Structures are given as C-alpha cells and as structure tokens.
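The values are calculated or read from the model by the stated rules, or taken from the named source; none is laboratory data. Since the structure is predicted, the reported quantities are computational estimates derived from the model, not experimental observations. Cβ placement follows ideal geometry from the backbone for every residue including glycine, while neighbour counts extend to all protein chains displayed. Heavy atoms of the whole protein, side chains included, go into the accessibility calculation; ligands, DNA and RNA do not. Shrake-Rupley method; radii C 1.70, N 1.55, O 1.52, S 1.80 Å.
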Amino acid sequence: MEKNIQHDPEYSIVVLCYGAGDSIPDFVESMTRMLLQNSIHDYQLVLVGNYLENKRIDQTARIVLELAKKNLRIISVVEKKDGMMGWDMRSGLAAATGKYISVIDGDGQMPIEDLVRVYQKIKNENYDLVKTVRTTRGDGVWRKFVSSAFNGLFRLLFPLVRAEDINSKPKVFTRAAYKRFDLRSDDWFIDAEIMIQASNLELKVGEVPTYFRASEREGGSFINLFTFLEFLKNLIRFRFIQYSSDRKRARESQT
C-alpha cells in the first residue's frame, strides 16, 4: 500500500477496482471533477487494485499504482488477494483515514453523483450511515432476480434490519461508526454484514434512491450462480450461527 496524503481528510472514498482495467483513469477523473464541482476539496481516494495470487500483477493493479504516483490525494492498495470482494473492501477501508468513509464499485454501474448525495446527507442530517437504494435498474433479468431473491430472503431472516436493497452502493459511514464495526466477510456478503452490524449497534441509517446501469465490464457481471448460492449460504450461516452472538456483543458494548 502506498500512502501519499499526509493529513486526515474529511471524506475518504474507497473504490473497488478489481476487473475495471483501463477504465479506471476516466472513472477517477470524472469522480474528481464531480467532487470539485460540488465544492468538496478535502477528500482522499483509496483505489483498491488487489490481484489474484495465481496471476501476475494485472493491468488494474498497474494502473492503480501509476495513478497514486501522480496524485497526492490517491492511496493505492495493491496486494495479492486473500479473499474476494469483501476482502478487497476491508483492505480499502483499513487504508482510509477520513472523517467520513464511503465505498463504491469502480465499474461505472453506480452514478458517481451518488458519492456527493450520500456524503451531503450523512453530514447535514447527522446519520451514522447512508446508502443508496436502486429504484431503477438496467442490468438485466438475472441480476434483478438475484437481487430480489436475496433482499427478500434477507428481510425474512433479519426483520429487525430496517433497510432496503442491502447490497447497493455507495455506502458512507462516519469514522466513529466504522470503528465500531467488526467486519469479517471476505466475499460478497460484506454489504449485508455492514447493515446487520449497523442494526445491532442501533446506528442511525439513511437512504437515497438511485439507478443502476448495465455492466460494461468485459465478461459481464461478477454475479453468477456460484455467487448467488454463496449469498444464500452466508445468509443462513450468519442468521443461525453468528447473528445472536453478535447482537449480544453489541448490546454489551453499549452498557
């Protein structure tokens, strides 16, 4: 990991770049321009370009490292992967130093303007965590089915978690809230784990509506039958093995 910026900014944005390749520079440029247009000057970008162990440092990792060398506001996180999306997110969050920390995928499916919307809401309305809800989607029948099935089962198993569209990003939370999390997921379940822990900790959660673009990533979406079954396995495991102990631990930390 290369850490360029010397102070703790107000706003850290963790960008999950795995598989994004040569689209990353344009994404970063658009994001930077959008932040400045909205008078957000005290920011930090954490670009996560972790790569699989059985491959050499790929194009994504190389581009992330190059961008960090050219821009003092960028931190590069480039390591051999010891997990998948959840591991990438946790490594990026650990590198972020801002008062507010958000996370977004770097594939362009999520509007970068949402980074401003969630930031303004958490800052101006005193929330602990703010996330988006995808009210319109352009990512095809399969992804819509997976999302609907996952969210439906999630609400059935975790009725106390008052949130819609659990996996939607960007998510932003205060540093104080992040320090209270005990995130462990290495895979696609980490978004759900964040929302479950936020509920256990009785954090104040806000949501804003958004839309979701079709994936332009080469090879299509990362979400397939394997990841869908992984979602289901983790939902059941977390609910009946880990959930009760985590709620008890959260209550004890508040007393």
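Tabulated results
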read-out	value
Those residues of region 133-147 which are open to solvent by 30 Å² or more (accessible area, probe 1.4 Å) and hydrophobic (A, V, I, L, M, F, W, C), in sequence order	Val141, Trp142, Phe145
Selected residue (only one of Met89, Met34, Met110 is open to solvent by less than 30 Å² (accessible area, probe 1.4 Å), under 25 Å from Phe228 (Cα atoms), outside any loop (DSSP other than H, G, I, E, B) and aliphatic (A, V, I, L, M))	Met89
Number of the condition not met by Val118 [criteria: (1) within 21 Å of Glu193 (Cα to Cα); (2) in contact with a helix residue (DSSP H, G or I) (Cβ under 9 Å, 6 or more places away or on another chain); (3) crowded, with 20+ Cβ neighbours inside 10 Å]	(2)
Hits in region 162-182 (condition: surrounded by fewer than 18 Cβ atoms within 10 Å (Cβ to Cβ) and modelled with pLDDT under 95)	Arg162, Glu164, Asp182
Residue tally, condition without any contact (Cβ under 8 Å) to a residue 40 or more places away in the chain and not aliphatic (A, V, I, L, M), over region 121-152	8
Some residue of region 132-148 being part of a loop (DSSP other than H, G, I, E, B), touching an Asp or Glu at 6+ places or on another chain (Cβ under 6 Å) and at pLDDT 90 or above	no
Meets criteria (surrounded by 17 or more Cβ atoms within 10 Å (Cβ to Cβ) and not small (Gly, Ala, Ser)) for Phe150	yes
Any hit, region 55-77, residues being in a loop (DSSP other than H, G, I, E, B), among the acidic types (Asp, Glu) and more than 16 Å from the chain's Cα centre (by Cα)	yes
Criterion (farther than 24 Å from Phe228 by Cα, at pLDDT 95 or above and surrounded by fewer than 20 Cβ atoms within 10 Å (Cβ to Cβ)) met by exactly one of Asp42, Asp8	Asp42
